[in-house]
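Beneath this line is the structure, given in structure tokens, with notes to follow.
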2 protein chains.
Amino acid sequence: MFEAAGVAYDDVARRPVAEGGGIPAMQRLLADAPGLRPLAPPVLVHGARVIAQSAVICDYLAPLLGLVPEDEDSRLAARQLAATVADLVNETHDTHHPVASGWHYEQQRPEAAKRAAHFLEFRLPKFLAYFEAVLGDTDGPFLLGETLSYPDLSLFHTVDGIAYGFPNGWARVAAQVPRVRALCAQVQALEPVAAYLASERRLPFNEMGIFRRYPELDPA
Amino acid sequence: MFEAAGVAYDDVARRPVAEGGGIPAMQRLLADAPGLRPLAPPVLVHGARVIAQSAVICDYLAPLLGLVPEDEDSRLAARQLAATVADLVNETHDTHHPVASGWHYEQQRPEAAKRAAHFLEFRLPKFLAYFEAVLGDTDGPFLLGETLSYPDLSLFHTVDGIAYGFPNGWARVAAQVPRVRALCAQVQALEPVAAYLASERRLPFNEMGIFRRYPELDPA
């Protein structure tokens with residue numbers, strides 16, 4: 001959201017430890033937060049506020065960054081769309097961690113294979129068909145119609161991650177969701193987003209994050 | 001939230017079909033919603049608005065029902081707490097559906113046993129310790145301190161469901177979270193909540209909902 005809005009930010013956990021950043025600095029932020037204690041990252045520090053939970057952070061930032069229209073119906077629609085993208089993200093994560101978030105993937109491979117197969121056959125098409133229908137209702141190019149909003153960013157990133165993790169599974173469903181693909185292409189081509197994606201600030205997808213590529217979970 | 005606030009509501013899906021309710025009526029609401037189409041129930045119909053996603057519904061209703069203080073810091077805190085309760089609810093659900101939400105429990109019993117064991121040993125204590133710490137920070141009796149808010153209702157219902165589904169697992173952790181137990185007792189004793197719990201409007205926990213009792217998932 002900061003990158004799309006062209007607003008400067010400080011990614012504390014990625015700043016070098018020698019420059020006062022890194023995991024220790026993040027842990028200090030978690031421990032010393034005024035007000036409600038956060039359970040886990042990510043947290044947003046804005047002035048005296050420390051805010052946890054991705055959905056809450058995005059909803060808080062969106063009007064400040066011009067990433068949601070100000071009328072209440074638009075804000076409500078954006079919240080619902082963001083919540084549904086978040087549900088898809090959760091289910092994508094659980095394909096490689098169906099039994100225990102605290103275990104390694106290698107400790108739950110047979111269960112992951114089952115869950116991933118179900119995800120690719122039923123859940124992913126269901127979510128994508130939903131967003132395709134929403135884009136049909138609004139006639140796009142964005143989820144709210146003509147105005148870019150933060151759920152567009154979330155959906156782009158999520159689809160990008162799923163296409164990374166499941167190139168075969170994504171290929172099977174992609175043809176049925178031309179509006180979703182067009183939205184992703186539009187977001188990706190926004191000048192600040194394109195610059196971000198080409199920079200080292202964008203972490204490449206990897207096998208430690210939410211979106212992972214394990215070929216055995218994505219058979220041809 | 002309606003019950004706690006003493007505000008009348010119409011539970012469309014539970015109204016008899018002969019009185020224009022039931023699943024068909026709910027499906028018509030989903031299909032005919034103006035504005036953003038909902039993906040799934042629950043949906044709130046309020047005037048011309050149809051709003052899906054539990055977290056969005058609760059956040060929308062809370063100020064209307066007097067179930068959150070009006071200042072922005074309180075609303076942000078309530079949103080974060082509600083999101084964390086929702087994470088706990090999701091993980092509780094997945095104990096009996098770790099592989100595929102579209103399959104029956106009986107089709108994923110071995111995986112459910114593994115996930116439930118991990119949940120009871122690590123995840124449930126982690127979440128409950130978090131809420132216990134929050135209640136320690138605010139000195140209770142409620143999550144925001146002296147004022148009842150909707151995350152208190154969510155946490156009560158969630159703990160109640162977990163105690164139903166996992167009486168042994170709950171018994172092992174209950175002694176360590178006296179403030180959580182005190183909060184639940186306070187919520188349960190609120191006059192409108194007590195009346196609701198004693199009424200037939202409150203569906204008993206069962207093996208078709210989120211909170212289920214399968215003894216094999218909850219060994220002594």
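The values are calculated or read from the model by the stated rules, or taken from the named source; none is laboratory data. Since this is a predicted model, take the numbers as computed values, not measurements. Methodologically, a virtual Cβ is constructed for each residue, glycine included, from the backbone with ideal geometry; neighbour enumeration extends over all protein chains shown.
Annotations
- Candidate set from the range A:28-69 (those that are away from chain B (no Cβ under 11 Å) and on the phi > 0 side of the Ramachandran plot); member that is nearest to the chain's Cα centre (by Cα): A:Gly66
- The range B:189-210, subset over 15 Å from B:Val7 (Cα atoms) and of a type in the set (Asp, Glu), residue surrounded by the most Cβ atoms within 10 Å (Cβ to Cβ): B:Glu207
Yes/no matrix, rows are residues, columns are (1) at pLDDT below 95; (2) closer than 29 Å to B:Leu155 by Cβ:
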position: B:Met1; (1), (2): no, yes
position: B:Asp10; (1), (2): no, yes
position: B:Ala18; (1), (2): no, no
position: B:Gly21; (1), (2): no, no
position: B:Leu29; (1), (2): yes, yes
position: B:Ala33; (1), (2): yes, no
position: B:Leu36; (1), (2): no, yes
position: B:Ala48; (1), (2): yes, no
position: B:Ile51; (1), (2): no, yes
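- Filter pass, B:Val7 being of a type in the set (A, V, I, L, M) and within 30 Å of B:Glu216 (Cβ to Cβ): no
- Given (1) closer than 20 Å to A:Met1 by Cβ; (2) surrounded by fewer than 22 Cβ atoms within 10 Å (Cβ to Cβ); (3) within 9 Å of chain B (Cβ to nearest Cβ), index of the condition A:Ser101 fails: (1)
- Exactly one residue out of B:Ala13, B:Ala25, B:Ala78 is under 29 Å from B:Arg212 (Cβ atoms), over 22 Å from the mean Cα position of the chain (by Cα) and in a helix (DSSP H, G or I): that is B:Ala25.
- For A:Gly20, the conditions (1) of a type in the set (Gly, Ala, Ser); (2) away from chain B (no Cβ under 14 Å); (3) within 18 Å of the chain's Cα centre (by Cα) all hold with the exception of (3).
- Selection status of A:Gln107, at pLDDT 95 or above, under 29 Å from B:Lys126 (Cβ atoms) and not hydrophobic (A, V, I, L, M, F, W, C): yes
- Put simply, of B:Pro24, B:Pro69 the only residue that is surrounded by fewer than 22 Cβ atoms within 10 Å (Cβ to Cβ) and under 23 Å from B:Gln188 (Cα atoms) is B:Pro69.
- For the range A:105-122, taking the residues that are part of a helix (DSSP H, G or I) and over 23 Å from the mean Cα position of the chain (by Cα), the one that is surrounded by the fewest Cβ atoms within 10 Å (Cβ to Cβ) is identified as A:Glu106.
- Residue match in the range A:87-96 (condition: within 25 Å of B:Leu30 (Cα to Cα) and either among the aliphatic types (A, V, I, L, M) or assigned to a loop (DSSP other than H, G, I, E, B) (or both)): yes
- Close pairs from the range B:99-119: first among the hydroxyl-bearing types (Ser, Thr, Tyr), partner not in a helix (DSSP H, G or I), Cβ under 7 Å, at least 6 apart: B:Tyr105/B:His97; B:Tyr105/B:Tyr214
- Counting the residues of the range B:123-150 that are more than 30 Å from A:Val99 (Cβ to Cβ) and either part of a helix (DSSP H, G or I) or of a type in the set (Phe, Trp, Tyr) (or both) gives 6.
- Residue selection: B:Ala52 satisfies the criterion of being within 22 Å of A:Gln80 (Cα to Cα), among the hydrophobic types (A, V, I, L, M, F, W, C) and touching a residue at least 12 places away in the same chain (Cβ under 8 Å).
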